[in-house]
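Laboratory data are not the source of any read-out in this text; all were calculated from the coordinates shown. Just so it is clear, the model here is predicted, and its values are computed rather than measured. Cβ atoms come from the backbone with ideal geometry, glycine included; neighbour counts cover every protein chain shown.
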Amino acid sequence: MPFPPAPSAPPRLEGRHVLFEPVVPGALEPAARGLFVAASERIARGADPEAALAASLAALGAGACTAWTVAPRGGPPAGLAWLTAPVRAAGDASRGLPVAVAGLSWPSRPAAHEAALSEALLLLLGYAFETRACHAVTVRAAPWTRRSSRPVPILASEWPFLRASLSARAAR
């Protein structure tokens, strides 16, 4: 089954601790622009910031990616979340199904506590599995949490258990 195309504008996602505001390429606010530049893996690898931002906005405009600014409740945007359409097949674990990539990044270590970070993942993965019907999602976290090992995709069949775990953490 193919991955459903991204909507023209993603929905606003709200939790008790965090708020996801949709990023619309033609109306990119300065705060969102700064978060894109700070969170860009292309820039971290040495790409020109303007070219990297243009590539990210082109992906959003083409529907290959959905993005949000992430703010703690009552605060300014402090991070960026995104979901890309799958571009490669996973290994045996997902039986070759397309794998979407979800990301959550803060330019610096967030002041948010574990409950807010758990809730942000809950909202992002909930959108991927429940709204977009992804079969598998690989999560890329902020640079300060990167590990040297390659991330393993989360399968849709694993989502109910992970959702329960994240919900419990977010409730703290």
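Side notes on the structure shown:
- Low-density loop cleavage sites - trypsin sites (Lys or Arg not before Pro) in region 10-58, where at most 12 other Cβ are within 10 Å (DSSP): 12, 16, 45
- Charge context of residue 19, other residues only, Cβ under 15 angstrom, K/R +1, D/E -1: -1
- Remark on residue 152: its backbone amide H falls under 5 Å from none of the residues 5 or more positions apart or on other chains, H modelled at 1.01 Å from N.
- Database remark: amide H of residue 101 closer than 5 angstrom to the amide H of 84, 138 (H placed geometrically; neighbours at sequence offset of 5 or more, or on other chains; Pro and chain starts carry no H).
- Region 12-53 - convex hull of the alpha-carbon atoms, volume per residue in Å³: 81 Å³
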